[in-house]
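What follows is calculated from the coordinates using simple rules that are stated; it is not laboratory data. Keep in mind that what you see is a predicted model, and the values were worked out from it rather than measured. Cβ atoms come from the backbone with ideal geometry, glycine included; neighbour counts cover every protein chain shown.
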């Protein structure tokens with residue numbers, strides 16, 4: 001499974017960055033990095049592109065000995081083991097388009113194993129994808145969620161409704177009482193069936209990414225926009241930063257345990273704005289977006 | 001002491017916002033807010049001013065019953081009491097000038113009491129001020145630290161060296177292995193002498209603010225700058241956001257215990273930039289600034 005998942009995330013990275021480069025007109029910059037304790041990764045980033053203000057698509061496969069904080073976090077997941085040898089591989093992606101009408105999107109699919117290669121004492125899958133627009137286009141939310149549902153349904157029709165709820169719960173800014181975006185799916189510690197079935201879930205979800213997102217991007221990326229709409233987008237990106245730095249467990253875990261900072265913070269938008277006390281005008285498209293964030297709804 | 005300190009922070013707010021408005025050419029917007037559990041505050045903010053991109057100067061005096069998280073935090077400070085009635089008053093200020101050569105500055109001076117008015121079972125003072133430039137001007141750092149030292153020395157010459165060290169330790173971004181800025185002073189839980197002496201410390205430090213900062217602002221605010229210098233400033237502001245949202249205990253405590261979000265996050269710059277993997281050219285002014293942040297030094 002180590003090799004199978006690692007190969008799959010690298011293939012997905014190639015396919016996705018190839019398609020995104022074509023749309024943007026710029027290439028990704030590739031950085032190979034090594035983890036001092038074992039393994040490494042392949043980071044592809046684009047900044048100041050034609051379509052993307054910032055885009056990052058990373059894969060990694062790391063192994064070694066878990067730090068104390070990671071063991072504590074693992075026990076929190078209900079895995080009671082003294083085993084410290086681990087392996088982890090995954091794909092993570094965040095795209096921040098320039099156009100305020102084109103949504104930010106994030107995905108992450110990962111596989112984790114404890115123990116010796118070929119003889120895991122524990123293993124699990126995690127992952128998800130979610131959409132964060134600055135303006136509410138209901139057809140975009142339905143399209144995105146629809147593709148994720150189809151991918152999940154291919155393995156188990158019980159998955160999507162569960163993962164959708166978990167996503168809304170996870171990407172919640174408690175201090176703002178609003179969601180980060182319009183959700184998607186989120187799962188973690190998944191090990192309740194054969195590894196092949198859960199690999200198939202990750203595989204189908206990764207394949208679903210381009211069809212779930214590109215049609216949305218295509219219809220939004222060249223829409224005209226005003227300075228006021230750009231201002232609103234930058235403020236929404238400020239909220240994205242607030243979520244990732246204050247609440248995102250993966251980010252905080254990474255920063256506190258010495259992971260590669262540039263990879264952990266790749267998710268941050270290139271530009272963000274933090275106004276004091278800004279409230280959109282009642283009835284405006286901005287107010288409509290805010291209302292959608294405060295009351296997550298079903299899209300499919 | 002409650003009244004004395006509250007009056008002093010309001011006077012300082014008036015004096016400081018008056019001077020800053022004159023320099024900027026724009027007025028602060030004033031917001032009065034009430035805390036549901038008791039007390040309230042007077043927030044003054046300016047955004048998109050002439051000199052200041054964002055400026056906030058807040059005073060508050062709040063009282064009521066401590067939430068559980070605050071009791072836990074208090075016990076962490078070594079105050080072992082079941083008393084939950086509290087009073088707190090303070091002044092906090094963050095200025096983010098437009099010009100990349102003009103430094104960001106922050107200060108906070110506060111007084112805290114447990115128990116009934118007039119019969120405190122415990123009390124303490126906290127505070128500090130620190131300077132965060134994007135470009136290194138050693139004369140500015142010496143000027144700023146010099147005024148803080150003089151203010152502290154007026155009460156006890158042992159204060160400044162201690163508070164300067166605490167400031168460097170507090171404003172440290174562990175995940176970047178660099179300081180937020182060039183430091184200043186920081187103290188907390190101060191109750192090792194008569195309240196009048198510690199009030200005098202806060203009083204002198206508040207009086208020192210304008211002379212410590214305005215001459216620096218005056219000589220930097222109209223300097224010519226390039227797009228590249230603005231880009232660097234925005235990236236340094238990204239680091240300011242990283243510190244405040246990931247490491248600042250006051251911010252995290254506020255966000256997790258339901259303080260007024262807009263006041264807690266007033267410290268964030270209006271605009272911030274997060275580049276992946278940016279390194280300044282060796283020997284450049286940007287590299288010189290970065291080196292100063294990685295190795296805090298003595299300025300007076």
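Counting Cβ atoms of other protein chains within 10 Å of each Cβ in A:266-272 and taking the mean gives 6. Springs between Cα atoms under 10 Å define the GNM used for chain B, and in it the highest mean-square fluctuation of B:138, B:286, B:53 occurs at B:138. Taking the C-alpha atoms only, the angle from helix B:195-220 to the longest principal axis of chain B is near 20 degrees. The long axis of helix B:138-153 is offset from the longest Cα principal axis of chain B by roughly 20 degrees. Starting from the label point of residue A:218 at 7 Å along Cα→Cβ, the same points in the other copies fall at 6.2 nm, in ascending order. Here the mean projected area of the convex hull built on the C-alpha positions of region B:140-279 is 10.4 nm².
Placing a label point 7 Å from the Cα of residue B:174 along the Cα-to-Cβ direction, the distances to the matching points in the other copies come to 2.0 nm, shortest first.
Normalised by the empirical 2.2 N^0.38 Å for globular proteins, what value does the Cα Rg of region B:2-294 take?
With N residues counted in region B:2-294, Rg over 2.2 N^0.38 Å equals 0.99.
Decide, for region B:168-231, between rounded, prolate and oblate: order the square roots of the alpha carbon gyration tensor eigenvalues as a ≥ b ≥ c, take rounded if a/c falls under 1.5, and otherwise choose prolate if a/b is larger than b/c, else oblate. Mind showing how you got there, number by number?
On the way: a/c = 6.08, a/b = 1.53, b/c = 3.97.
Oblate, since a/c reaches 1.5 and b/c is not below a/b.
Could you tell me what fraction of 2.2 N^0.38 Å the Cα radius of gyration of the protein assembly as shown comes to, as a two-decimal ratio?
Details: Rg = 25.4 Å, N = 600, 2.2 N^0.38 = 25.0 Å.
Relative to the 2.2 N^0.38 Å estimate, the protein assembly as shown comes out at 1.01.
Tilt of helix A:159-170 relative to the longest C-alpha principal axis of chain A, in degrees (0 to 90, nearest 10)? Orientation of helix A:159-170: about 70 degrees from the principal axis. For residue A:32, the label point sits 7 Å beyond Cα toward Cβ; its separations from the matching points on the remaining copies run 6.6 nm, from shortest to longest. When the Cα gyration tensor is reduced to axis lengths a ≥ b ≥ c, the ratio a/c is 1.5 or higher for region A:37-122, and with a/b above b/c it is classed as prolate.
Looking at region B:229-271, what % of the alpha carbon pairs are farther apart than 14 Å? Cα-Cα pairs of region B:229-271 separated by over 14 Å account for 48 percent.
Relative contact order of region B:1-157: what whole-number percent is it, with Cα pairs under 8 angstrom and at least 6 residues apart? Mind showing how you got there, number by number?
Values: 274 pairs, mean separation 25.7, N = 157.
Once divided by the residue count of region B:1-157, the mean separation gives 16 percent.
Mean partner shielding of peptide B:234-243, defined as the number of other chain Cβ atoms within 10 Å of each residue Cβ, is 3.
Two decimals, Cα atoms only, Kirkwood Rh: what is Rg/Rh over region A:1-82? Numbers along the way, then the final one.
Working: Rg = 16.5 Å, Rh = 14.9 Å.
Result: Rg/Rh = 1.11.
Classified by the C-alpha gyration tensor, region A:58-102 has a prolate form. Its axis ratio a/c, with a ≥ b ≥ c, is 1.5 or above, and a/b is larger than b/c.
For the rotational copies A and B, the chain A residue with its Cβ nearest the relating axis, together with that separation in Å, is A:245, 2.
Calculated from the alpha-carbon coordinates, region A:1-158 shows an Rg and a Dmax of 17.8, 49 Å respectively. Below 8 Å, C-alpha to C-alpha, sequence gap of six or more: please give me the relative contact order for region A:2-294 in percent. Once normalised by length, the contact order is 16 percent.
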